[in-house]
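The values are calculated or read from the model by the stated rules, or taken from the named source; none is laboratory data. This one's a predicted model, so the numbers in the text were calculated from it and none came from an experiment. FYI the Cβ positions are ideal-geometry reconstructions off the backbone, even for glycines, and counts take in every protein chain you see. We work out accessible area using only protein heavy atoms, side chains counted, and drop any ligands, DNA or RNA first. Shrake-Rupley method; radii C 1.70, N 1.55, O 1.52, S 1.80 Å.
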Amino acid sequence: MNAPATPPSAPATPTVPMIRTLGLVAALCGLIIVGAYQGSLSAVQENKRIALERAVFKVLPTAKSIGEYFATGNGVTVASGETPAGAIRFYAGYDEKGQLAGIAAEGAAKGYSDFVRILFAWVPDCQCVTGFGLVASRETPGIGDKILVDKDFLANFKALEVRLNEDMSALANEVKTVKHGTKTAPWQIDAISGATITSRAVGKGINDASQALLPRIAGHLDFIRNKP
Amino acid sequence: MSARIELRTAPHVKSPRTVETIMRTVVLSLLPICLFFIYQYGISAAASILVVTGACLVAERASTRAGGQSGDIGDWSATITGLLLALSLPPGFPLWMGAIAGLVAIFLGKSIFGGLGRNVFNPALVGRAFVQAAFPTAIASYTPSFLPGRFGEFIPSSLALPFMQPPATDAWVKAMQIDAIASATPLSQFKFEGVVAGFDQLLTSLGGHLAVGPSPLLILACGLFLAYRRYLDWRIPVAVLGSAVVLGWALHAFDPVRFADPGFVLLSGGLMLGAIYMATDMATSPVTPKGALLYGALIGVLTVVIRDFSGLPEGVMYAILIANAAAPLIERVTQPTPFGRGPSSKVRRATYPLTPSYISREEHHAVVPEKGSFKPKVNQ
Amino acid sequence: MSLDKAKNLDEFMEGIWRQNPVFVMALGMCPTLAVTVSAINALSMGVATTFVLVCSCLLVSLLRKVVPKEVRIATYIVIIATFVTVVDYAIQAISLTLYEALGAFIQLIVVNCVILGRAEAHSSKVPPLPAMINAAGMGVGFTIGLLALGTVREIFGNGTLFGISLFGESFQPWVIMVLPPGGFFVLGGWLMFFAWWAKRKEGSKAVPAEGHQHA
């Protein structure tokens with residue numbers, strides 16, 4: 001090797017002190033991190049619970065408490081920890097009397113600039129979607145975010161029909177976003193004129209998530225009705 | 001009167017054509033278009049043109065006063081920027097936003113780069129791109145043309161207070177009680193509703209109450225005048241329109257429902273204005289003949305691609321801005337071969353040094369020393 | 001004693017004015033452009049960075065005699081990463097909304113060159129007190145820089161300041177200001193303003209000197 005001549009420097013540090021110092025620093029830092037984690041854990045969990053409840057209560061206004069579930073291919077289980085592969089996490093909202101007010105699940109679809117992630121509420125009694133809230137979106141402010149304030153658009157979600165077909169394997173009618181002013185069926189969403197793409201993303205998000213989730217939980221509604 | 005001896009370098013023979021005359025002629029050629037625009041939309045359009053151009057002139061004056069700038073308002077270039085910017089905005093665009101567009105166009109599009117002739121991007125389009133990103137709702141709100149009473153009443157959105165939202169014009173237009181009114185441009189109607197406007201309507205902008213700019217036919221006529229007087233490079237508009245039509249035609253042949261016919265592509269939106277007046281801006285387009293064709297073709301293709309494959313209904317502005325950015329590169333790769341070099345020669349630059357000594361030898365008919373005869377002189 | 005105080009003040013002011021991380025050194029541009037869509041985000045980011053900066057510089061300074069120079073960068077990174085993790089948990093515990101608004105940029109404080117730059121160039125060579133004072137000055141300077149961007153972007157982009165509406169309901173937001181290009185425009189504007197100011201100050205100093213020469 002033809003390395004350039006190094007300038008004369010202090011004698012190299014022996015290996016053992018290097019390792020000792022690094023170990024010391026690492027141990028010190030480890031202590032600080034674990035301390036911070038332990039100290040903040042309860043507050044973080046409380047925050048997360050409040051945030052989740054707030055989101056679910058927003059789409060299910062009658063709900064007063066929530067339960068978390070996983071829907072897998074074989075049935076529905078009460079959620080604990082991370083979502084296992086293949087399972088879909090959803091939330092059940094219960095009213096004051098402990099009756100099932102509705103089910104909230106997340107849906108996502110490509111919008112104008114990125115995925116629009118929404119939380120929507122599905123009520124088993126009417127087999128319809130009664131509201132949605134935004135989890136995350138990067139739609140153009142002033143255009144795409146009209147989906148949360150446009151009155152005509154929100155009127156779609158008074159009772160958007162999301163009904164399962166006879167053998168409960170798929171939706172009877174696909175939820176579809178149609179051009180502004182051309183809504184004819186209760187399972188269609190009337191898009192906002194000027195924000196068609198974002199409106200379409202909302203419809204597709206609801207449709208895709210319902211197609212995946214509802215057939216799985218259709219046979220287990222009684223299990224969900226019992227508040228855990 | 002004492003004779004004055006001027007000492008200056010070549011060129012000594014000058015054409016009477018100066019920056020001022022060119023710019024003034026372009027402004028003159030724009031006047032019929034502006035008048036037609038005012039005829040279409042009434043006093044709102046007139047106010048918009050005045051305010052936007054005024055803002056451009058104020059910005060130009062301020063930045064030339066601040067120093068470090070070439071040019072001044074006397075060279076008419078800021079006037080052109082203002083007029084083009086106003087023509088590319090909706091007629092009912094709030095005047096305060098128009099003023100911001102004008103200020104941004106000159107400050108950000110021109111002064112930052114050093115003034116006239118040094119800007120990389122077309123200033124009018126920089127201004128428009130800024131307000132398009134800042135006020136996407138207002139810039140998409142068109143009103144129908146040829147409304148009754150347009151010379152006596154402003155479009156309500158024009159007079160929005162500074163920094164305040166313009167009122168929605170839908171109700172105002174509805175109160176006019178006119179049949180077949182469209183408040184969306186033909187391009188957005190096609191994009192979002194699949195409606196194709198009629199060819200002759202688009203050509204003259206006269207039929208119905210289309211929400212369109214001045215007639216493409218008029219713009220074309222003014223452009224022909226400029227091209228005939230050699231004030232613009234005919235290659236650029238020809239390449240822009242040609243490539244847009246060819247690509248539009250190919251796509252239309254492929255899927256007539258999804259893609260509009262080439263006539264619609266050519267006459268809708270700002271393609272005509274962009275091709276003739278904005279793409280041909282001398283400072284931001286390539287000077288080489290091949291480069292001009294390539295640059296124009298890039299704009300035409302990008303316009304069609306943006307219109308058909310993106311969420312935006314119109315793409316001329318971004319197409320021209322992208323091509324502006326590519327112009328220096330296009331210029332480099334399309335340098336013409338110097339005379340005397342074979343077409344196969346890879347050398348794209350003149351390689352002989354233009355040193356003063358070399359020139360003076362030629363001028364004095366000095367005997368050019370033969371190869372290898374340069375020897376270190378020894379003082380004798 | 002007063003000399004010490006003056007020196008400390010100078011150390012502190014270095015980061016705020018002469019070596020301002022945002023406007024003079026143009027360091028840490030990633031959070032500067034990304035999280036300054038609102039004043040509160042900018043302030044939180046600034047405070048978080050200041051905390052990491054002060055704690056890391058203190059620890060680096062304390063350990064400056066024991067850390068061999070061969071492994072110093074690794075040590076600094078570990079120390080900085082530790083405090084970033086602490087801040088990460090702290091923000092989660094304080095407000096999840098804020099945590100989501102700042103997003104990945106909290107974790108990215110670890111690669112903010114202001115911090116590693118301070119640790120390497122300053123705190124590893126001086127005792128704890130001046131190291132902390134200097135770091136605090138840098139942190140405050142960084143926060144001021146972020147706030148300068150955040151306030152302008154929030155006022156134009158949303159019509160509010162710290163969430164308080166300034167212009168009433170019908171304000172027209174400038175959407176571009178909360179989009180990435182707005183960050184560049186506002187940063188460019190501030191840089192231009194400070195360059196102009198510095199030039200003017202230089203000019204006002206130079207002119208009397210010139211006059212004196214002529215006299």
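Here are some notes:
- Radius 14 Å from Cβ of residue B:122, net charge of other residues (Lys, Arg +1; Asp, Glu -1): +2
- Disulfide-incompatible cysteines by the Cβ rule (no partner under 4.7 Å) in the protein assembly as shown: A:29, B:34, B:56, B:222, C:30, C:55, C:57, C:113
- Square roots of 5 times each gyration tensor eigenvalue, C-alpha, the stretch C:102-173, largest first, Å: 36, 13, 8
- The dipole here belongs to the protein assembly as shown: it is taken about the Cα centre, uses +1 on the Cβ of Lys and Arg and -1 on the Cβ of Asp and Glu, and is about 2560 debye.
- Rounded to the nearest 0.05, the FRET efficiency derived from the C-beta distance between residue C:120 and residue C:166 at R0 = 41 Å is 0.45.
- Taking every Cα-Cα distance in the stretch B:178-333 and sorting them into 5 Å bins from zero, the calculated P(r) comes out as 2, 10, 19, 22, 20, 14, 8, 4, 1, 0, 0 percent.
- Counting only Cβ charges, +1 for Lys and Arg and -1 for Asp and Glu, the dipole size of the stretch C:2-214 around its Cα centre is about 600 debye.
- Inter-part distance where the stretch A:27-91 and the stretch C:92-106 are each reduced to a Cα centre, Å: 16 Å
- Of all accessible heavy-atom area on the protein assembly as shown, the percent that carbon and sulfur account for (1.4 Å): 64 percent
- Per the accessible-area calculation with a 1.4 Å probe, the total area buried between chain B and chain C rounds to 1100 Å².
- Pairwise centroid distance, computed over Cα atoms, of the stretch B:15-71 with the stretch B:296-330, Å: 25 Å
- Inter-site label distance for residue B:175 and residue C:202 at 7 Å from Cα along Cβ, in nm: 5.9 nm
- Projecting the Cα atoms of A:42, A:52, A:80 onto the charge dipole of the stretch A:1-145 (Cβ charges, centred on the Cα centre) puts A:42 farthest toward the positive pole.
- Ratio Rg/Rh, restricted to the protein assembly as shown and using Cα atoms, in which Rh is the Kirkwood radius: 1.04
- Within chain C, helices built from complete DSSP H runs that reach 18 Å or longer along their own axis (Cα positions) and carry a mean Kyte-Doolittle hydropathy of 0.0 or higher are C:39-62, C:72-94, C:128-158.
- Over 32 Å between alpha carbons, listed pairs A:48/C:125; A:58/A:176; A:48/A:204; A:151/B:110; A:48/A:158: A:48/C:125; A:151/B:110
- Pairwise burial A:C, computed as accessible area of each alone minus the pair, summed, 1.4 Å, Å²: 1900 Å²
- Relative contact order of the stretch B:1-104, defined on C-alpha pairs under 8 angstrom at six or more residues apart (%): 34 percent
- Ratio Rg/Rh [Cα only; Rh per Kirkwood] for the stretch A:14-59: 1.45
- For chain C, the C-alpha radius of gyration divided by 2.2 N^0.38 Å, with N the number of residues, is 1.16.
- C-alpha long axis of helix A:15-59 to longest principal axis of chain A, angle in °: 10 degrees
- Positive-end residue, the stretch A:155-228 charge dipole about Cα centroid, Cβ charges, pick of A:211, A:181, A:224: A:181
- For chain A, the normalised intensity computed at q = 0.07, 0.13, 0.17 Å⁻¹ comes to -0.35, -0.80, -1.23 (log10 of I(q)/I(0), Debye sum over alpha carbons, equal scatterers, no solvent).
- In chain A, the calculated helix contribution to ellipticity at 222 nm averages -11500 deg cm²/dmol per residue, counting -39,500 (n - 2.57) for every DSSP H run with n ≥ 4.
- Cβ-based net charge around residue C:109, under 14 Å, with every Lys or Arg adding one and every Asp or Glu removing one: 0
- Summing Cβ point charges (Lys, Arg +1; Asp, Glu -1) relative to the Cα centre of the stretch B:20-166 gives a dipole of roughly 140 debye.
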